[in-house]
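Each value in this text was obtained by applying a stated rule to the coordinates, not by laboratory testing. The structure presented is a predicted model; accordingly, all values stated were derived computationally and were not measured. Ideal geometry is used to build each Cβ from the backbone, glycine not excepted, and the neighbour counts take in all protein chains shown.
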Amino acid sequence: MHKPKKQIMTKKQLLLFKYGGNAMTNQPLKKQVLKNMCYLKEKGYQVVIVHGGGPFIKQTLEEVNIDSEFIDGQRKTTPKAMEYVEMALKGKVNGSLISIINAMGYNAVGLSGKDGQTVTAKKRLHQHTKNGKIEMVDLGQVGDVASVDTSLIKLLLENDFIPVITCIASDKKGNDYNINGDLFAGHIAGALSAEQYIILTDVDGLMLDKDNPASIINELKVAEINHLKEIRCIQGGMIPKIDSCEIALEKGAKLARIINGTDPEQISALFENQKSGTIISV
């Protein structure tokens, strides 16, 4: 009598996308990017999408005549502004992404870090240099990630949903905070031990010379990052993206990658042995 063969359950590899930039503001491009991300489910991957929405926050605050004050590029967020930040991210941006994905025949669930206490926040005090002196500046309801609980995300993935997460979270006292989308995504990618953490930007990757696309750095080790910051190869909006890759890798992600979200084919090429973007590893 033959014994029945034991079924071996293979664990699906998890991909976490940080979605933002022009790939989010152009409607036809948005649909193609989301289609290419979700299609990776057909290839056997689990897909998680994390998003910010800076342009939508700006637009919403302007509509209600709330002026944005920036300190070293970071938006100071008052309690009143926070209400509209959440409205923009959870209502406008997250809701739009969910509608598009569901219309493609997939099942997406929208959430923020507050849902299921997936992300617990802590208040951010920003180091600001004024007249050669370092001072700590209160940015209002701007926070950092204190901890991540992946239970809800894993439950959704196990039931074949695509979690779409926006970068708002509460602290243990119930105070709400807006968190930098890149850093927020990096923490979640690490906590989920993502096979790849993929950031969509408006450029092809990290360049030695930002004005020369041919100077793209295809592969980068974490140990090389500080030197590239010192020579100002990494600057501006690329800093939180690279920092988030470091966080993701330090906390458990296998690989991080920065690609051009305005070119949806770069998403398709991720697993076709084609080099795309900048790959960052330990």
(request) From the C-alpha gyration tensor of the range 57-187, pull out the three semi-axes of the equivalent ellipsoid (sqrt of 5λ each), sorted largest to smallest, in whole Å. (result) 29, 18, 11
(request) Taking the Cα centre of the range 198-282 as origin, sum charge times position over the Cβ atoms of Lys and Arg (+1) and Asp and Glu (-1), and report the length of that vector in debye to the nearest 20. (result) 240
(request) Quick one: compute a quarter of the convex hull surface over the Cα atoms of the range 14-281 and quote it in nm². (result) 14.4
(message) Show me, for the range 111-126, the HN-Hα J-couplings you get by feeding each phi into the Karplus relation (A = 6.51, B = -1.76, C = 1.60, θ = phi - 60°), rounded to Hz, glycine and proline as x.
(response) 8, 10, x, 6, 5, x, 6, 4, 10, 9, 9, 9, 5, 9, 10, 8
(message) So if I place +1 on the C-beta of Lys and Arg and -1 on the C-beta of Asp and Glu, and nothing else carries charge, what would the dipole magnitude of the range 51-109 be about its Cα centre? I want it in debye, nearest 20.
(response) 180
(request) Pop out the ³J(HN,Hα) list for the range 130-135 in order, Karplus 6.51 cos²θ - 1.76 cosθ + 1.60 with θ = phi - 60°, rounded to Hz; leave Gly and Pro as x. (result) 10, 6, x, 10, 8, 10
(request) Just name one of Leu156, Ala194, Leu40: the one whose Cα is farthest towards the positive end of the charge dipole of the chain (beta-carbon charges, Lys/Arg +1, Asp/Glu -1). (result) Leu156
(message) For a quick check: with amide H placed at 1.01 Å from N, whose amide H comes under 5 Å from Ile199's, ignoring anything fewer than 5 positions away on the same chain?
(response) Lys18, Arg257, Ile258, Ile259
(request) Given the options Ile225, Ile198, Ile71, state which has the largest fluctuation in a GNM of the chain using a 10 Å cut-off (strictly under) for Cα springs. (result) Ile71
(request) Would you please state which residues of the range 64-97 a label at Lys130 would reach in this model, taking the label point 7 Å out along Cα→Cβ and a backbone N cut-off of under 20 Å? (result) 67-79
(message) Under 10 Å, Cα contacts only: if you run a Gaussian network model on the chain, which one of Phe70, Phe56, Phe184 comes out with the highest mean-square fluctuation?
(response) Phe70
(message) Looking only at the range 75-157, where both bridge partners belong to it, what percent of the DSSP beta bridges are antiparallel (to the nearest 5)?
(response) 90
(request) Using only the Cα atoms of the range 122-248, each taken as one equal point scatterer with no solvent, compute I(q) by the Debye sum, divide by I(0), and report log10 of the ratio at q = 0.12, 0.16, 0.19 Å⁻¹. (result) -0.60, -0.98, -1.20
(request) Pull up all non-local amide H partners of Ile71: gap of 5 or more, or a different chain, and H-to-H distance under 5 Å with H placed in the peptide plane. (result) Lys76
(message) Can you list residues from other chains, or at least 5 along the same chain, whose modelled amide H is less than 5 Å from the amide H of Val109?
(response) Ile162, Val164
(request) Could you run the Karplus curve 6.51 cos²θ - 1.76 cosθ + 1.60 with θ = phi - 60° over the range 232-246 and give me ³J(HN,Hα) per residue in whole Hz, x for Gly and Pro? (result) 6, 6, 9, 8, x, x, 6, 4, x, 5, 5, 4, 5, 5, 4
